Amino acid sequence: MWITLGMFLIKKAVVPLLIIAVILFLVVKLKGGCRPNKTLRGTALAVHDGDTITFRARLKRRTVHLKGVDCPELGQPYGPEAKVYTERMLGMDKRRLRRPRCRLVLTRKDQKWAVVYGPEGWDLGRELVRYGLAWAVDKGYNDLERAARKAKRGLWADRRPIPPWEWVEKAGPFMDHLAGCDQCWESFYEYQKRQIGLCVVGFRLMQGELKGEAK
């Protein structure tokens, strides 16, 4: 009798507990896991474009996109410049024997987006927007974008720069053609190499102008 009563009470208690556990699980899942942003330290291995970088962190390769900014694509004006600037900021130029370690703050959902901080504490996304090499997607960078527009730095020197999300939509057929034509792709690749080579000199001049403004 007592055993039967005990089993009955257990069953009565287990069902509500299971319901509560399922509800809590769904709430946590919908809120992104309620986990803090993940922070890693890593060294840059490759820069694919201005805002897409592969790092080595904790002995693993991890490709991330810069959170809050959107750089021009490589086929756009100032796309190669954004790539060169990111490489220089991450210590990937040939003059450095050892690349600095950066701090990556990954978003808590898919962890494919990150804010990248250099060894001196600068925010790579902020620097790209400040030099006129990226659009501000995050509201925190809007003031920097307005200042770059006013000074006509980088891509804001053009009257009507095309945002990368619009360019990708319009250039889709062209990129598909390149992918299916080896000769066309090689010509496009050589053009990009020449553009990137010219960007280094341009950046040194641009940095000199900004330093002069700071004084």
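Only the coordinates and a few stated rules stand behind these numbers; no lab work does. This is a predicted model, so every value here is computed, not measured. Using ideal geometry, Cβ is built from the backbone for each residue, glycine included, and neighbour counts are taken over all protein chains shown.
Observations, loosely collected:
- Distance violations [Cα-Cα > 20 Å] among Lys112/Lys152; Lys38/Lys67; Lys109/Lys170; Lys60/Lys112: Lys112/Lys152; Lys109/Lys170
- Taking Lys and Arg as +1 and Asp and Glu as -1, the other residues whose beta-carbon sits under 15 Å from that of Lys139 total -2.
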